[in-house]
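The next block holds one structure in the form of C-alpha cells; read it before the comments.
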Amino acid sequence: MSAISVKSGRTERASSKDIGFALSIVFILCVFFLPIPPFLLDAGLAISIGLSVLILMISLWIQKPLDFSSFPTVLLIATILRLSLNIATTRLILSNGSEGPAAAGYIISGFARLVMSGDFVIGLTVFAIIVTVNFLVITKGATRIAEVGARFTLDAIPGKQMAIDADLSAGLVDERQAQIRRQELEEESAFFGSMDGASKFVRGDAIAGLIILAVNIFGGIVIGVTRHGMTLSSAADVYTKLSVGDGLVSQIPALIVSLSAGLLVSKGSTRGSAEQNILRQFGMYPRALLVAAALMFVLALIPGLPLTPFAALGCVMAFIAYLIPKEAEKTRLLEIESQQALEREAQREARESARDVLLIASVELRLGKQIWAGLLASQAELGQRVFRMRRKFARDYGFVFPEIRLADDLEVTPKHYEIRIHGALAATRELPLKRQLVIIGRGAAPDLAGEDALDPAFGMRAMWIADGMVEEAKRQGFTPVDAVSVLLTHLSEVLRNNLAQLLTYKDMRGLIDRLDPEYRRLVDDMIPGLITHSTLHAVLKLLLVERVSIRNLPLILEAVAEVAPFARRAEPIVEHVRTRLASQMCSDLSVNGSLGVLRLGARWDMFFHERIKRDSKGDLIGFDADPAQVEKFAAEAGAVIRELIERGESFAILSTPEARPYVRLMLSRPFPSQAVLSHLEIASGVDVRSLGSIS
C-alpha cells in the first residue's frame, strides 16, 4: 500500500511540473496580445536576463555538448520570451510614452540612463554595435560551426556505427556498452542537427530587434506629436530613449544567449568545463607564457606607451609560467605517492590473505622469463586477444569459461611456455621470439634458412623463419604466422580439448538460472525425480568432450526430459541428445553447405556389429574385441584421417549408432578433435559428400 502511495505521489508531482511548464508557455503566448502592467514587465525582463545568464553559466560548466542537449528547446523558449516582452514594451511605449522615461517600467528607464547617459545618440550607437557584434560576429560564427558540425556528424554516422559493430565483434565492448555508444551517436546527430536550425532563432531575433526599434521610434514620434500634442524634438527625445532602452534590455540577453550557443557548438569533442580545457591547454605551454611576458615588457619600454599595464601583465604571465612546472611536478609526485600507497596496500592484503594460496586458476598460461620479457610490450594486445577468444568460445560452445591467468614463472624454461588446466600441465612448447612459423604440411618446404619444427596446435610439419624473411616466404606462397598467434592458436586448441573440464558444476547451475521460467520449471520437474544435477552435468560434459556445443541448452533439456524416464546413465542420454542436435552438429561441421564424411566400410562395420554385447533386453552392455584388431583399426583409420587432414579436408567419420561411441573412444587419443557421427545424426536435407572409407 505504501509503495502504491509513493508511486502515485511521484506521478502527481510529475504531472504538476508538466502543468506548470505548459502554463508558463501559455503565459508567454498571452503576453503577445494581452496588455500587462509595468511591474509585471519588469519581472519578465528580469526573468529574461536571469535566464540568459543561467544559460551562459551552464554552457561554461558542462563537460560535453550532449550534457546540454535541451539547449535548442531552451533557446527557442528564451527567444519567444524576449519577443513577447518586446511586443509588451512596444505596447507600453506607444500607449504611455508621453508620461516620461518610466512609462515602460523601471528596468528600461534604468538601462536607458546607465548606457545612454541621457543622450539617445549614444544609446543608438551602443545598440548598433551590440546588434552588429551579435549578428555578424557571434551568431554568424556559431551558425557556421553548427552547420559544419551537423553535416560532418551526419556524414560520420555510418563509419562510427561500423566502428561500434567492429568493437563489439572484436570483444572490446559488450552489448550494453555498444547500445550506450549507439544512443550517444543518435543523440549527437540529433543535437547538432537541432543546433543548425536553432542558431537561426538568434539571427531572426537580432533582425526583429532592429525592426522593433525602428517601429517604436517612428510610431512613438507620430503618436507623441499627433495624439499627445508633443513637439517633434520632445517626442523624438522621449520615444527614442525608451525605444533604445527597450532594445538594449532585449539585445543584451540575446548577446549572452548567442555567446552561450557559440561556446556550446565550439566545444566540439573536448570534455570538461570551458575553464578546465582552456586553463589546462594554456598551462601545457609555459614557454609560450614566457615569450608573451617578454613581449609585454618590450611594449612597456617603448616610448609613448603606458608602462604600468604592460609591465603588470608581463609580471603576471611570467609568474604563472614559473608556477606551472612547479604545480605539474607536485601533481606528478602526488600521483606517484598515491599509486605507491595503493600498491603497498595491495601487497599487504596479499601477504595477509592465506586463502589466495589455496586458489588454483582454472586456466593458466605461464611464460618463461625470456618470453615474458619479449612479450612485455604487447601484453595489452595479448590480453585483448585472449578476451576476444573467450567471447568466441562463449558463442561457439554456449558457456563462458573462466578468465585466463597470464603470469611469468621462473620455474618454466626461459624460452618455453606452459598451459595448465586446474593446475595440471596440459601442454608445453618452446616459442622462439622474433621469428614466425611457416606451416608446410606434406608440401615442399620454402627455400629459406630456418629451423624445422611441428605446429604446436595441430602437429603439422612447419618451419621457424626470421622476421626478415617474411616477405620472401609470402612471395613463395606461404603464410607466416607470428609468435603470439602461434601461442594463442595452441592455447585455443588446448582449451577445445579440455572443454569438459572447464564446465564446472557452478557454471551449469548458472546456465540453468539464466533460462526462461518455463525451462527452469522443466528442470525442476526432472530433478530429482528422473535425473540428478550431477547426471545432467555429466551429460553436458560428455557433449563438450566431442566439441558439441551446448549453446542450445533448451533443446538439450527437452531431449533429456524425453529419455530420462527410460535411461538413468549419462551415456545413453547423450546419444539421444545428439540425435536431437543433428541439425546443429551437421551445420557446425559443414563447409560451404556440404558435409564431408569418411565411412567405416563393410569390413569394419561388421567388426563392430559382432563385437558389441547386448543384454536380454537388447541394451548395449559392452564391447569385446581382440586388442590386435583394435590396434589394426586405429592404424588404418589413422592413415586415412591423416591423409585427409593434410589435404585440408574438414570431415566427420560416419558409423552405425551402436558403434559410434566405441569408434570415438578408439580415435580420441590420436585425434581428439575428430568428429564421429552416426547415421541417425545426419540431419535431413544435408548435402553429404563421401570422401572414402577406412576399409
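Every number in this text was worked out from the coordinates using simple rules, so none of it is lab data. Since the model is a prediction, treat every value here as computed from it, not as a measurement. In this analysis, Cβ positions are derived from the backbone assuming ideal geometry, glycine residues included, and neighbour counts consider all displayed protein chains.
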(request) Please compute the Cα-Cα pair-distance distribution of segment 363-498 with 10 Å bins starting at 0, giving whole percents from short to long. (result) 12, 40, 34, 14, 1
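Can you tell me the length gained on complete extension of the stretch residue 106 to residue 30, counting 0.36 nm per residue apart and subtracting the Cα distance?
Numbers: separation 76, 0.36 × 76 = 27.36 nm, distance 2.20 nm.
Additional length available on full extension: 25.2 nm.
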(message) In Å, what Kirkwood hydrodynamic radius results for segment 535-613 from the alpha-carbon pair distances?
(response) 14.2
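In which sequence would 397, 239 go, from the one with the fewest C-beta neighbours within 10 Å to the one with the most?
Details: 397 21, 239 27.
Taking fewest neighbouring Cβ atoms as first place, the list is 397, 239.
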(request) Taking a cut-off of 14 Å between Cα atoms, list the aspartates and glutamates near residue 434, but don't count ones fewer than 8 places away on the same chain. (result) 451, 467, 482
(request) Could you list the trypsin sites (Lys or Arg not before Pro) in segment 605-695 that lie in coil according to DSSP, counting only those with at most 12 other Cβ atoms within 10 Å of their Cβ? (result) 617, 647
(message) For segment 627-695 and segment 517-582, what is the centre-to-centre distance using only Cα atoms, to the nearest Å?
(response) 25
(message) Please compute the modelled spin-label separation between residue 302 and residue 387, points set 7 Å along Cα→Cβ, answer in nm with one decimal.
(response) 5.6
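Residues with beta-carbon under 12 Å from that of residue 590, excluding residue 590: net charge, scoring Lys, Arg +1 and Asp, Glu -1?
Values: positive: 689; negative: 588, 687.
That works out to -1.
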(message) Using a 10 Å cut-off around each Cβ, can you sort 315, 30, 586 from fewest to most neighbouring Cβ atoms?
(response) 30, 315, 586
(message) Quick check for me: using +1 on Lys/Arg Cβ and -1 on Asp/Glu Cβ, what's the dipole size of segment 363-498 about its Cα centre, in debye to the nearest 20?
(response) 460
(message) At 0.36 nm per residue, and after removing the present C-alpha to C-alpha distance, how many nm does the segment from residue 335 to residue 319 gain when stretched out fully?
(response) 3.3 nm
(request) Would you calculate the separation in nanometres between label points at residue 474 and residue 579, each defined as 7 Å from the Cα along the Cα-to-beta-carbon direction? (result) 5.2
(message) Loop only by DSSP, 11 or fewer other Cβ within 10 Å of the Cβ. Give me the chymotrypsin sites (Phe, Trp or Tyr not before Pro) in segment 541-637 that pass, ordered by residue number.
(response) 566
(message) How far apart, in nanometres, would the label points at residue 70 and residue 690 be if each is projected 7 angstrom from Cα along the Cα-to-Cβ direction?
(response) 7.5
(request) Go through segment 319-328 residue by residue and turn each phi into a ³J(HN,Hα) via Karplus (6.51, -1.76, 1.60, θ = phi - 60°); whole Hz please, and just put x for glycine and proline. (result) 5, 5, 5, 6, 6, 4, x, 4, 5, 5
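Which of the residue pairs 392/506; 160/369; 369/392; 415/474; 392/474 have a Cα-Cα distance greater than 31 Å in the structure shown?
Beyond 31 Å between Cα atoms: 160/369.
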(message) Give me the base-10 log of I(q)/I(0) for segment 581-695 at each q in 0.14, 0.15, 0.18, 0.22 Å⁻¹, Debye formula, one uniform scatterer per Cα, rounded to two decimals.
(response) -0.58, -0.66, -0.93, -1.30
(request) For residue 588 and residue 518, calculate 0.36 nm times their separation in residues minus their Cα-Cα distance, and state this gained length in nm to one decimal. (result) 22.4 nm
(request) Enumerate the amide H contacts of residue 427 below 5 Å, restricted to partners 5 or more residues apart or on another chain; note that Pro and chain-start residues carry no placed amide H. (result) 419
(message) Cut-off is 10 Å between beta-carbons; in what order do 93, 207, 87 appear when sorted fewest neighbours first?
(response) 207, 87, 93
(message) Amide H of residue 408 versus every other amide H placed in the peptide plane: which residues, excluding those fewer than 5 positions away on the same chain, fall under 5 Å?
(response) 367
(message) If you filter segment 454-536 for trypsin sites (Lys or Arg not before Pro), then keep DSSP loop positions with at most 10 other Cβ within 10 Å, what is left?
(response) 514
(request) Pop out the ³J(HN,Hα) list for segment 472-488 in order, Karplus 6.51 cos²θ - 1.76 cosθ + 1.60 with θ = phi - 60°, rounded to Hz; leave Gly and Pro as x. (result) 5, 5, 5, 5, 7, x, 9, 10, x, 10, 6, 4, 5, 5, 4, 4, 5
(message) What are the ³J(HN,Hα) couplings of segment 559-570, residue after residue, when phi is run through the Karplus curve with 6.51, -1.76, 1.60 and θ = phi - 60°? Round to Hz, x for glycine and proline.
(response) 5, 5, 5, 5, 9, 4, x, 10, 9, 9, 7, 6
